[in-house]
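First comes the structure, then the notes that go with it.
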Amino acid sequence: MEHKDPQLYKLMNASKMEMPFDDFEDKVMAQIAELETSRELALQHKKYALIFFVLGSLFGLGLNYMLEMAIDLIAIQSGLKNVLSLCCQMLYVILIVVFSDKLWRLRRILKEGH
């Protein structure tokens, strides 16, 4: 049963939505597909980031230990040895904190994406 009410006809025509561009829908769908692809890549990068963080931490511990041994073998004043040792340890700690922050941000971004 069709209604021939002119006001209803005008109202229904006014509610039609015009697309701003002919390829608007295609562009939006392409952006969605790109976003989904980047999310999948981020999950892969998260796995690699964790693996390399652990490997880098272990390598850093070993390197820090070897530097400590090398500093102990050098014939310099004990005060300078302590300063060099402290600098090596602080550099290691700063790197661990910076990389932990990067992992934390990656984890937060991936959680917000779900």
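Before moving on, here are some points about what is shown:
- Summarising the overall dimensions of segment 70-114 from its C-alpha atoms, the Rg and Dmax are 17.9, 57 angstrom.
- Taking the accessible area of the chain, probe 1.4 Å, and keeping the other protein chains in place, the carbon and sulfur fraction comes to 68%.
- In the assembled protein chains, Arg105 presents an accessible area of approximately 110 Å² (probe radius 1.4 Å).
- Heavy-atom surface of segment 27-87, accessible at 1.4 Å and reported per residue (Å²): 81 Å²
- Space enclosed by the convex hull of the alpha-carbon atoms of segment 12-114, per residue, Å³: 147 Å³
- With helices as the sole contributors, the chain gives -30000 deg cm²/dmol at 222 nm; each DSSP H run of n ≥ 4 counts as -39500 (n - 2.57), and the sum is divided by every residue.
- Relative contact order [Cα under 8 Å, 6+ residues apart], the chain, whole percent: 34 percent
- Most mobile of Gln31, Gln89, Gln77 in a GNM of the chain (Cα contacts under 10 Å): Gln77
- Placing +1 on each Lys and Arg Cβ and -1 on each Asp and Glu Cβ, with no other charges, gives the chain a dipole about its Cα centre of roughly 540 debye.
- Kyte-Doolittle mean at least -0.5 and Cα axial length at least 15 Å: DSSP H helices in the chain: 24-73, 78-113
- Note on the chain: GNM, Cα springs under 10 Å; of Glu34, Glu68, Glu25, the largest mean-square fluctuation is that of Glu25.
The values are calculated or read from the model by the stated rules, or taken from the named source; none is laboratory data. On a predicted model such as this, the values are computed, not experimentally measured, just so you know. Please note: Cβ atoms are built from the backbone with ideal geometry, for glycine as well, and neighbour counts cover all protein chains shown. Protein only, heavy atoms only, side chains kept; ligands, DNA and RNA dropped before computing areas. Shrake-Rupley method; radii C 1.70, N 1.55, O 1.52, S 1.80 Å.
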